[in-house]
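Visitor: Encoded as structure tokens, here's the structure I'll be asking about.
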Amino acid sequence: MVAREINVELLLSRRVYALNGKCIGRLEEVRAEMRDGECVLTEFLVGVYALFERLAAWSIGRSILRTLRLKRRDGGYRVPWNQLDLSDPERPRLKCAVSDLSPIVAE
């Protein structure tokens, strides 16, 4: 497998597409953690809830979402690092079904 580099800032706000070609939301955050002195990518956050989580604005965000009557299923998803196809960074695509993803839950 050939290693590639992709600038994270170029992925942010890109639409993410499901296996059926429908957009499930925009990529709003990339999560990583330190393991043995190296930064390791763990997951991507996609959707409106992910945007509020990135901005650390849950209290304001919940009010806005209630006003817009956004349904929980439309909120967003946690996408494991290995379930997002970035071979075309302009159009990231899931490698799994949307139903296999964990939803982002407002705390």
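Visitor: Please identify the pairs in which a residue from segment 88-107 that is modelled with pLDDT of 95 or more and in a loop (DSSP other than H, G, I, E, B) has its Cβ atom under 6 Å from the Cβ atom of a residue that is surrounded by 13 or more Cβ atoms within 10 Å (Cβ to Cβ) and not aliphatic (A, V, I, L, M), counting only partners at least 6 apart or on another chain.
Guide: Pairs that qualify, where the first residue is modelled with pLDDT of 95 or more and in a loop (DSSP other than H, G, I, E, B) and the partner is surrounded by 13 or more Cβ atoms within 10 Å (Cβ to Cβ) and not aliphatic (A, V, I, L, M), are P92/R14; K95/Q83; K95/D85; C96/Q83; L101/Y77.
Visitor: Please note which strands (runs of 3 or more DSSP E) are completely contained in segment 1-46 and include at least 1 residues that are within 14 Å of D85 (Cα to Cα) and in contact with a helix residue (DSSP H, G or I) (Cβ under 8 Å, 6 or more places away or on another chain). Write out each step before concluding.
Guide: Details: elements: 15-17, 23-35, 38-46.
By residue number, 23-35, 38-46.
Visitor: Would you mention how many residues in segment 10-55 are at pLDDT below 95, within 14 Å of L101 (Cβ to Cβ) and among the small types (G, A, S)?
Guide: Qualifying residue count for the region: 3.
The values are calculated or read from the model by the stated rules, or taken from the named source; none is laboratory data. Note that the structure is predicted; figures quoted are calculated from it, not measured. FYI the Cβ positions are ideal-geometry reconstructions off the backbone, even for glycines, and counts take in every protein chain you see.
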